[in-house]
Amino acid sequence: MIVSIASQKGGVGKTSTAISLAAGIARKGKKVLLIDMDSQANSSKVLVPDYSKLDKDQTVYRTIMDRKPLVILRTKIPNLDIVASHILISETDVTLTTALDHREARLKNELDKIKHNYDFIFLDNPPALGWLTINSFTASDSALIVVSPGYFELDSVVQISKTISNVQEFFNSNLKLLGLLFTMSDSTINTQTSLQVLRQTYTDKVLKTIIPKNVDLKDAHMQKQDIFAFNPNANAAKAYNTLIEEVFLPNA
Ligand code: ATP
Ligand code: MG
């Protein structure tokens, strides 16, 4: 199962969700691969030991820019591998805009060769709907859209839904919307209103599990740990575990 975690809005919790789902499922004994498609490389910095020593040819850059096989790295977490990102993939949108090959499928072409080695593959995406996210959607079975409280986030769901429809129409008719995940939730009126509007608008597409606002996530990632290693009793750890059981491993 290949899942793109996406939203064109920045800072909504995509990377935290990608790391927590990948690490949480790997810790339950499944083989998991996380692919970092964001030039900020935030998941790579948390999960790749000695990330700063990586050359661009040891990252997804080489697959997207040079159409070479994916370079898979081990993480400290058992059963979890990663394809790291590189700051220079920020240039790819310009390159891909003028490319004449099937530019939407550069990731898919290589991922198809190795996907059988994994039970789950998660793709962490940049906060934009350019060619990198389109490569992710083209390579994926489904998309998990991350939404955090606030009017503009809700507005952005409309835009990303259009991108998903376009990808379905032109590049990957198998792509499904896995659901909308509400993150950084708290008990303020604004947050509860956002959640209510989201549920009224998208009804059954909004996942039951809500990820609470929890500073442990930031602290864990600052220490290059996933939330389950940092504090398995943190509210975010419990919520991501519930999400894993709701969506990915219902009988675990
Ligand atoms: P970007 O669009 O820049 O890639 P993102 O959508 O990947 O951002 P994250 O990096 O996961 O978002 O989160 C943004 C910031 O919010 C980070 O500092 C992270 O530690 C923090 N954060 C993420 N989820 C939560 C949460 N549930 N509670 C509190 N803080 C959170
Ligand atoms: Mg991110």
- In the stretch 79-104, the residues that are assigned to a loop (DSSP other than H, G, I, E, B), of a type outside the set (Ser, Thr, Tyr), surrounded by 12 or more Cβ atoms within 10 Å (Cβ to Cβ) and in contact (Cβ under 8 Å) with a residue 24 or more places away in the chain: Asn79, Ala84, His86
- Go through the stretch 44-68 and give me each residue that's surrounded by 13 or more Cβ atoms within 10 Å (Cβ to Cβ), farther than 24 Å from Asp226 by Cα and of a type outside the set (Lys, Arg). Tyr61, Thr63, Ile64, Met65
- Note on the structure: Phe120: passes all of (1) surrounded by 16 or more Cβ atoms within 10 Å (Cβ to Cβ); (2) out of contact with any strand residue (DSSP E or B) (no Cβ under 9 Å at 6 or more places or on another chain) but (2)
- Message: Every residue in the stretch 231-252 that is surrounded by 15 or more Cβ atoms within 10 Å (Cβ to Cβ) and farther than 21 Å from Phe122 by Cα, please.
- Response: Asn231, Ala234, Asn235
- Check every one of the helices (runs of 4 or more DSSP H) wholly within the stretch 1-71 and list those with 2 or more residues that are within 12 Å of ligand 1 (Cβ to nearest atom) and in contact with a helix residue (DSSP H, G or I) (Cβ under 9 Å, 6 or more places away or on another chain). 14-26, 42-47
- Message: So, in the stretch 64-85, exactly how many residues are under 19 Å from Leu100 (Cα atoms) and within 18 Å of the chain's Cα centre (by Cα)?
- Response: 1
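For every residue, the table says whether it meets (1) closer than 24 Å to Asn241 by Cα; (2) among the aromatic types (Phe, Trp, Tyr); (3) modelled with pLDDT under 95.
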position: Val146; (1), (2), (3): yes, no, no
position: Tyr151; (1), (2), (3): no, yes, yes
position: Leu178; (1), (2), (3): yes, no, no
position: Asn190; (1), (2), (3): no, no, yes
- Query: Filter the stretch 102-153 for residues that are under 15 Å from Lys14 (Cα atoms) and over 16 Å from the mean Cα position of the chain (by Cα); which is nearest to ligand 2 (Cβ to nearest atom)?
  - Reply: Glu153
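The values are calculated or read from the model by the stated rules, or taken from the named source; none is laboratory data. The structure displayed is predicted, hence computed values, not measured ones. Please note: Cβ atoms are built from the backbone with ideal geometry, for glycine as well, and neighbour counts cover all protein chains shown.
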